[in-house]
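One structure below.
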Amino acid sequence: MNAREFNDEEAQNQICITYDDVNGAVEKAMRIRRYIRPNNIDNLEPPPEQIAQTAEVIQEATKILSYR
């Protein structure tokens, strides 16, 4: 069995998704879902509808990123 050494530098050079990719996917997901950020989303206990809308944007962004 020929074991290959882990090379940390090599792993760092193979980034497959960047912060710009994530930001772009979130922006696109917000447009697709027609998301408008609720004013009180930062409340410690936002209503379930607001949590669901935000979660749908995250789910859409994940789908977009999966195709990269």
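Which net charge results for the neighbourhood of Pro38, defined as the other residues with beta-carbon distances under 15 angstrom from its beta-carbon, given Lys and Arg at +1 and Asp and Glu at -1?
Working: positive: Arg33, Arg34, Arg37; negative: Asp42, Glu45, Glu49, Glu56.
Neighbourhood net charge equals -1.
Which of the three applies to segment 12-66, rounded, prolate or oblate, going by the alpha-carbon gyration tensor with a ≥ b ≥ c and a/c under 1.5 meaning rounded? Show your work: numbers first, answer last.
Values: a/c = 2.75, a/b = 2.06, b/c = 1.33.
Here segment 12-66 falls in the prolate category.
Testing the spin-label approximation: label points 7 Å from Cα along Cα→Cβ at Ala52 and Arg37. State their distance in nm.
In this crude label model, Ala52 to Arg37 measures out at 2.3 nm.
Return the distance in nm (one decimal) between the two label points of a simple spin-label model at Met30 and Gln59, each offset 7 Å from Cα along Cα→Cβ.
It is 2.0 nm.
Only the coordinates and a few stated rules stand behind these numbers; no lab work does. All values derive from a computational prediction rather than experimental measurement. For neighbour counting, all protein chains shown are included, and Cβ atoms are generated from backbone atoms with ideal geometry for every residue, glycine included.
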